Amino acid sequence: MGRMNTSHIFNLVKDSIRNHPDLTIRVPGDLRLVKPSALPAWWSRGNNIALSSVEIDKLPVTAHAGQESPTNSILVIGANCVTGGMVMWGEGSVVLLGDHVRLPASSIACGSGAKVMIGAHTASTARAQINARNGGSVLVGERGLWAADVVLYTDDMHAIRDVETGRRLNGMGGHMVVSDHVWLGYQSLLLGNVGIGRDSVVGARSLVRGTIPPNSVAAGSPARVVRTGVTWDFNDLP
């Protein structure tokens, strides 16, 4: 398929990261339309767009059971990406994976008005779960490192209500920012509105809500900062 004008996608990314100076997300280069045979039949009927930097024989994208198939939605896959299944539904969902994003055996779900954008060279050991819904967003910067079974959810997916009033008590559609070069430990859970600063580390099995400043180590459930003034290195050296 031929190359296409990607100015709309550039603007989407620019608007998403505008207020986050430590967050780098780039639109992959040399994007072209994914061939129709690589996509489910319902994809083109909903005025959706799928773009990739490389030829793709099959995109593992499905519609959410019991929800409307996605419409006016965008899926962008950079070069040399590894991912598991993707589920999209509703109006205007956006999933963008930068070059060399490696999320083996992962699950990415994105609903109406929600965004999942992951910067280049972010990698998981295995089985990452990402779920953005109800207009929420998961924005992840470049060069992140995730251990196995990391979970990022913008909300609880189901309502908890006050018995007398029926008012929803738990939040909906949180906005999550994981800045560049953040290390997420084994089975860490990020839930709702989360902001993690550049060069920080989240300990294994931590529950993160709220903000973790740059150059910090946070651990526990709920996670709290246990050390500041740190960075980390991919190389396991003295």
Handout entry: With at most 11 neighbouring Cβ atoms within 10 Å, loop GluC sites (Glu not before Pro) (DSSP) excluded, longest segment of the chain
Key = 56-163
Completion exercise
Out of Ala105, Gly229, Leu191 - ranked by how far each Cα lies towards the positive end of the dipole of the chain, with unit charges on the beta-carbon of charged residues - the top one is Leu191
Handout entry: the stretch 101-214 - percent relative contact order, Cα under 8 Å, separation 6 or more
Key = 21 percent
Practice task
Would you work out which of Val76, Gly173, Ala219 lies farthest towards the positive end of the dipole of the stretch 7-228? Charges go on Cβ: Lys and Arg +1, Asp and Glu -1.
Solution key: Ala219
Practice task
Using a Förster distance of 25 angstrom, determine the FRET efficiency expected from the C-beta separation of Ser7 and Glu55, and round it to 0.05.
Solution key: 0.60
Problem - Local electrostatic count at Arg168 - Lys and Arg +1, Asp and Glu -1, tallied over other residues with Cβ under 9 Å - result: +1
Problem - Cα-based reach from Lys35 at 18 Å (exclusive), listing lysines while leaving out same-chain residues under 8 positions away - result: Lys58
Fill in the blank from the handout: the chain: relative contact order from alpha carbon pairs under 8 Å, six or more residues apart, as a whole percent, is 11 percent
Handout entry: In order through the stretch 29-35: 3J(HN,Hα) via Karplus (6.51 cos²θ - 1.76 cosθ + 1.60), integer Hz, x for Gly, Pro
Key = x, 6, 6, 9, 5, 6, 5
Practice task
Name the residues whose placed amide hydrogens come within less than 5 Å of the amide hydrogen of Leu96, ignoring near sequence neighbours (fewer than 5 apart) on the same chain.
Solution key: Val76, Val116, Met117, Ile118
Handout entry: Net charge of neighbours whose Cβ lies under 15 Å from the Cβ of Ala223, counting Lys and Arg as +1 and Asp and Glu as -1
Key = +4
Fill in the blank from the handout: Neighbour-count ranking for Met172, Met88 (other C-beta within 10 angstrom, fewest to most) reads Met172, Met88
Fill in the blank from the handout: In whole Hz, the Karplus estimates of ³J(HN,Hα) for the stretch 175-180 (6.51, -1.76, 1.60; θ = phi - 60°; x where Gly or Pro) are 10, 10, 10, 10, 5, 4
Handout entry: the chain shape via C-alpha gyration tensor axes, a/c threshold 1.5
Key = oblate
Practice task
Give me the distance in nm between label points sitting 7 Å out from Cα along the Cα-to-Cβ direction at Ala159 and Asn72, one decimal.
Solution key: 2.5 nm
Practice task
Starting with the fewest neighbours, write out Lys115, Lys58, Lys35 ranked by other beta-carbon atoms found within 10 Å of each beta-carbon.
Solution key: Lys58, Lys35, Lys115
Exercise for the section: Rank these for me by crowding, Cys110, Cys81, going from fewest to most other beta carbons within 10 Å. Expected result: Cys81, Cys110
Problem - Fully extended contour minus Cα-Cα distance, from Asn80 to Arg205, at 0.36 nm per residue - result: 42.1 nm
Exercise for the section: With +1 on each Lys and Arg Cβ and -1 on each Asp and Glu Cβ, and nothing else charged, work out how big the dipole of the chain is about its Cα centre, in Debye to the nearest 20. Expected result: 180 debye
Practice task
Please give the net charge around Ser137, taking every other residue with its beta carbon less than 13 angstrom from that of Ser137, where Lys and Arg add +1 and Asp and Glu add -1.
Solution key: +1
Handout entry: Of Met157, Val54, Met88, farthest towards positive along the dipole that unit charges on Lys, Arg, Asp, Glu beta carbons give the stretch 7-228
Key = Met157
Exercise for the section: Out of all DSSP beta bridges with both ends in the chain, state the antiparallel percent to the nearest 5. Expected result: 10 percent
Completion exercise
Sorted by chain and then number, the residues having a modelled amide H within less than 5 Å of the amide H of Ala109, at least 5 places away or on another chain, are Val87, Ile130, Asn131, Ala132
Practice task
Pop out the ³J(HN,Hα) list for the stretch 151-157 in order, Karplus 6.51 cos²θ - 1.76 cosθ + 1.60 with θ = phi - 60°, rounded to Hz; leave Gly and Pro as x.
Solution key: 10, 10, 10, 6, 7, 7, 6
Exercise for the section: Compute the distance in nm between two label points, each set 7 Å from the Cα along the Cα-to-Cβ direction, one at Ser37 and one at Leu169. Expected result: 5.5 nm
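Rule-based calculations on the coordinates, nothing more; no lab input. Since the model is a prediction, treat every value here as computed from it, not as a measurement. Ideal geometry is used to build each Cβ from the backbone, glycine not excepted, and the neighbour counts take in all protein chains shown.
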